[in-house]
Amino acid sequence: MAGAPDWTNGYADSPYHVFLFCWQSVFHQSEALLKDDLLHPDDLYDRPVFSDDHVDYGQVIPWKLGVLDRSFIRYQHIYSSRIRSEMDEFHSKQSAWLEDFALFMAIKEAMEVSLGQPGEAFARSRPEALSAARQRFDVAIQRQIYRQFIFHRQWSKLRAYAHQNNIQIIGDIPSLWRMTAQMFGHTGTILLG
């Protein structure tokens, strides 16, 4: 099928993201969100016409994030105990990195901070400043957690399908960026120089 792929690159079109444990939140299939009633067909009304021969990340990324944002709003108003239970389980199992990542991304998006720039000030912040940021960006933090949850659900299904069909998924491990979300939760163990 021609059109936009179901994945995009990270910051500056790099295949690596800003956190070692997180997943690309724009790697999602809208069809799966429709099936789970996490999107309505009208939520896809603004789908751009994508090129058949190249990916325009500047066009794909904002559109896919917009779709996820509409899905997040719908999620907040649904009463599916199955999906809520899955979200709670995901949040619990991924708690070692998820909250710090979500806070980092919420601040990054709000301030449009590029990696390795003013964000270092936040990495060195006092706990009170980070606590205030958690309150200020609460909805944005929940949206980031939701994005990770959706990717996790769909990635798990893809991995299970691949395993059942003797398909191996290979890839590489992202390198640690100088300014990453780990710095929020582990300022005492990461040397900033």
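The values are calculated or read from the model by the stated rules, or taken from the named source; none is laboratory data. The structure displayed is predicted, hence computed values, not measured ones. Counting neighbours? That spans all protein chains shown, and the Cβs are built from the backbone with ideal geometry, glycine included.
At-a-glance table
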{"quantity": "Test: residue 82 is in a loop (DSSP other than H, G, I, E, B), of a type in the set (D, E, K, R), more than 17 Å from the chain's Cα centre (by Cα) and modelled with pLDDT of 80 or more", "calculated": "no"}
{"quantity": "Candidate set from segment 29-79 (those that are within 27 Å of residue 141 (Cβ to Cβ) and among the small types (Gly, Ala, Ser)); member that is modelled with the highest pLDDT", "calculated": "71"}
{"quantity": "Selection from segment 39-54 of residues that are in a loop (DSSP other than H, G, I, E, B) and touching a Ser or Thr at 6+ places or on another chain (Cβ under 7 Å)", "calculated": "39"}
